[in-house]
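Below is one structure, written out as structure tokens, with a few remarks after it.
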Amino acid sequence: MNGKIHSIESFGTVDGPGIRLVVFMQGCPMRCLYCHNPDTWSVNGGREVSAQEIIDEYEKYKEFLTNGGITITGGEPLMQIDFVTEVFMLAKQKNIHTCLDTSGVTFRSDNTEKFDRLMEYTDLILLDIKHIDSLKHKEITSHSNENILAFARYLKEKDIPVWIRHVVVEGYTDNEEDLLELGKFLSSMKNMKALDVLPYHDMGRVKYEKLGLEYPLKDIQPLSKSEAVKARDIIIRGIKQGLREKTE
């Protein structure tokens, strides 16, 4: 089976455990204001490769991919779920650790057959929760978070290990009440293995310029790491509140 990819990074260190082969898929339905890969949006871009070619690429570098594996990211990789499933199936035949970096936006709780099959070969999910409030989520991504939160619940039920990611953008995703609510939602996810709260950066600005697009957050300054730490502390406080409420 073939899929359309944007690019491959041979030595990724921030997309799952260890040093990894990172495959960037082509195509994404969301339009996040702080997206740093707008060149992955179009389903018509990229290049076509086979699932076996991805495995062959991993094999070329496997001696250097310490404690790693393959991460498929995007764009939104679940737009090509059949291809991702085949890559992961081939990977597991060689005992390669598999990680999927996704927003979960394409998930449908009334039709999970393809998701069930993918999860058979998936070791870890990096789940990006952009915003806990659905209206605010739509403001920054052009989509509600209904499918995303449903996907999070699905992963909890399937007991798939999850790393939660949340990008903090001043004026958009840094509201204390919203961060607390996000924490309360996460308090029920016993399958959550890590929480990455990432500061907004504008390193994708140059890509917008090359594509002839206006950068949506041109007036927003990058966030400091210390502010991201503060936001993470609030989310953890929300998790603790959620756990307490469940025992009361």
Checklist entry - Can you name the number of the only condition in (1) modelled with pLDDT of 95 or more; (2) surrounded by fewer than 21 Cβ atoms within 10 Å (Cβ to Cβ); (3) among the charged types (D, E, K, R) that residue 101 fails? => result (2)
Next on the checklist: Go through segment 60-83 and report how many residues are in a helix (DSSP H, G or I), of a type outside the set (A, V, I, L, M, F, W, C), at pLDDT 95 or above and under 18 Å from residue 16 (Cβ atoms).
Outcome noted: 1
Checklist entry - Restricting segment 219-247 to residues that are small (Gly, Ala, Ser) and touching a strand residue (DSSP E or B) at 6+ places or on another chain (Cβ under 6 Å), which is nearest to residue 178 (Cα to Cα)? => result 231
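Would you confirm whether or not segment 216-225 contains a residue that is surrounded by 17 or more Cβ atoms within 10 Å (Cβ to Cβ) and within 20 Å of the chain's Cα centre (by Cα)? Don't jump to the end; show me each part of the working.
Keep residues of segment 216-225 that are surrounded by 17 or more Cβ atoms within 10 Å (Cβ to Cβ), which gives 217, 223.
If we keep only those that are within 20 Å of the chain's Cα centre (by Cα) too, we end up with 223.
Among the residues of segment 216-225, at least one is surrounded by 17 or more Cβ atoms within 10 Å (Cβ to Cβ) and within 20 Å of the chain's Cα centre (by Cα), which makes the answer yes.
Can you report the number of residues in segment 122-178 which are among the charged types (D, E, K, R) and in contact with a Lys or Arg (Cβ under 6 Å, 6 or more places away or on another chain)?
As a first pass, look at segment 122-178 and keep what is among the charged types (D, E, K, R): 123, 128, 130, 133, 136, 138-139, 146, 153, 156-159, 165, 170, 174, 176-178.
Filter once more, keeping what is in contact with a Lys or Arg (Cβ under 6 Å, 6 or more places away or on another chain): 128.
Of the residues in that region, 1 qualify.
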Item to check | Extreme residue, nearest to residue 96 (Cα to Cα), among residues of segment 1-58 that are β-branched (Val, Ile, Thr) and not in a strand (DSSP E or B) | outcome: 55
Checklist entry - Are any of the residues in segment 159-170 in a loop (DSSP other than H, G, I, E, B), in contact with a helix residue (DSSP H, G or I) (Cβ under 8 Å, 6 or more places away or on another chain), among the hydrophobic types (A, V, I, L, M, F, W, C) and over 30 Å from residue 247 (Cα atoms)? => result yes
Checklist outcome for this item: How many residues of segment 42-89 are over 20 Å from the mean Cα position of the chain (by Cα) and within 20 Å of residue 128 (Cβ to Cβ)? The answer is 0
Checklist outcome for this item: Residue count, segment 124-138, condition touching a residue at least 40 places away in the same chain (Cβ under 8 Å) and not in a loop (DSSP other than H, G, I, E, B), comes to 3
Checklist entry - Scanning for something out of contact with any Asp or Glu (no Cβ under 6 Å at 6 or more places or on another chain), within 27 Å of residue 138 (Cβ to Cβ) and of a type outside the set (A, V, I, L, M), does segment 2-11 turn up at least one residue? => result yes
Next on the checklist: Taking the criterion of being touching a His at 6+ places or on another chain (Cβ under 6 Å), more than 17 Å from residue 80 (Cα to Cα) and of a type in the set (Asp, Glu), would at least one residue in segment 126-140 satisfy it?
Outcome noted: no
Checklist entry - Quick one: is residue 208 of a type in the set (Ser, Thr, Tyr), at pLDDT below 95, part of a helix (DSSP H, G or I) and within 18 Å of residue 33 (Cβ to Cβ)? => result yes
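In segment 84-123, what residues are in contact (Cβ under 8 Å) with a residue 60 or more places away in the chain, part of a helix (DSSP H, G or I) and of a type in the set (A, V, I, L, M)? Walk me through it before giving the result.
To start, the set of residues in segment 84-123 that are in contact (Cβ under 8 Å) with a residue 60 or more places away in the chain comprises 84, 86-87, 97, 99, 101, 103, 105-106.
Among the residues that remain, those that are also part of a helix (DSSP H, G or I) are: 84, 86-87.
Scanning segment 84-123 gives 84, 87.
The values are calculated or read from the model by the stated rules, or taken from the named source; none is laboratory data. Worth saying up front: this structure is predicted, and the values here are computed from it rather than measured. Virtual Cβ from ideal backbone geometry, glycine too; neighbours counted across all protein chains shown.
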